[in-house]
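Step one of this worksheet: look at the structure below.
Values in this text are rule-based calculations from the coordinates and carry no lab data. For clarity, every value in this text was computed on a predicted model and none was experimentally measured. Note that each Cβ is placed from the backbone with ideal geometry, even for glycine, and that neighbours are counted across all protein chains shown.
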Amino acid sequence: MSGSNYKNVELDRIFKELKSKNNTVQQEASRKLYTYLVKHNEYCDYIFDQFYELLDSDQKEHKLGCFLAMNKILSVGRETRIVHYVNKFIPTMLK
């Protein structure tokens, strides 16, 4: 399996955990996503496309998982590119 495919599998697992009804699982997934972004910020576009999908969901757990992940990114990381992407979501969240 190529490195790129492995990363997508890892991201898919993280986003599945963000959709969990278990808050502890969601919190841990948000930490994993932050760590992933720090290591692989070239996948920001894919990650934030997934955020849009979570925010567009009718499932409150999906939205909560997205908020937890974005909060983790903003509170722990101050990397300019990552914060820029998260700031794109603020108008979406305020609707």
- residue 36 versus residue 49, label points 7 Å from Cα toward the beta carbon: distance in nm? 1.4
- Where Lys and Arg each count +1 and Asp and Glu each count -1, what net charge lies around residue 27 among other residues with Cβ under 14 Å from its Cβ? +2
- Message: I'd like the FRET efficiency for residue 71 and residue 9, computed as 1/(1 + (r/R0)^6) with the beta carbon distance as r and R0 of 30 Å, rounded to 0.05.
- Response: 0.75
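For a 20 Å ceiling on Cα separation, which of these pairs sit above it: 19/39; 39/63; 32/72?
19/39; 39/63
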